[in-house]
Amino acid sequence: MTDAPTGRRGLTTLATSVYDAVREDIVQGILAPGTKLKIAALQSRYDCGASPIREALNRLSMERFVIQSDQRGFVVAPISLDDFDEITETRCLLYSLLLPLAIERGDQAWEEGIIIALHRLNKLPRSNDLPLDESLAGRLAHKKFHRSLIAASPSNFLIEMLDILFDFADRYRLLVGRIAPEELRGEAVREHAELVDHVISRRTDEAVNLAVHHVRRTAALFRNHISLVKSK
């Protein structure tokens with residue numbers, strides 16, 4: 001990654017690439033909570049100039065992946081169970097708002113998009129090193145599937161908020177490590193298929209209830225895992 005591109009489009013592309021790279025490193029936990037983000041060190045890490053780094057950090061601070069303070073500069077946002085609970089309940093609230101709108105307004109193209117997203121998620125090969133939903137390809141496919149469910153909603157702003165919260169939740173899960181045994185991953189696959197059936201059949205209440213259950217079940221697994229770790 002370099003800052004060689006010239007012109008507004010080239011600089012925008014570079015800034016976006018740097019933003020994506022730093023954000024992904026935060027979500028994966030490579031840049032751990034509380035890490036001080038020094039401009040010079042980040043320039044070396046991402047092989048670019050200071051301007052795209054500052055632009056990326058400012059953007060990430062607006063999304064709350066990064067905290068900016070006068071005393072410490074930029075720092076990777078800390079984590080806490082209270083924050084995780086708020087992320088979980090906000091995701092549930094947004095699904096409750098967006099799914100009914102998407103179901104009401106969705107057309108055939110929207111339905112086809114959901115089916116394709118689920119097919120791509122289910123067809124991704126398993127890695128010998130990582131569970132599917134901990135690989136980058138698996139996480140992106142999972143995120144695209146959940147986004148496809150609400151894509152027909154007219155509120156792009158709320159859809160983008162849910163995207164950010166999805167990555168927040170992934171960040172917590174990846175920092176803790178693998179938390180779901182194989183039988184529970186199989187349950188997630190079944191829930192995905194059932195969600196698609198409810199949404200495409202326009203069973204709004206069932207779709208919302210299952211989406212909320214799906215989010216809260218994963219959150220409960222995270223909390224249980226944290227309790228086991230702390231008790232050792």
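Here, each number is a calculation from the coordinates, and none is a lab measurement. On a predicted model such as this, the values are computed, not experimentally measured, just so you know. In this analysis, Cβ positions are derived from the backbone assuming ideal geometry, glycine residues included, and neighbour counts consider all displayed protein chains.
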Computed on Cα atoms, the radius of gyration and Dmax of region 7-76 in angstrom are 11.4, 35
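Can you put CYS92, CYS48 in order of Cβ neighbours within 10 angstrom, beginning with the fewest?
CYS92, CYS48
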Can you run phi through the Karplus equation (6.51, -1.76, 1.60; θ = phi - 60°) for region 140-146 and list ³J(HN,Hα) in whole Hz, with x for Gly and Pro? 5, 5, 5, 5, 5, 4, 5
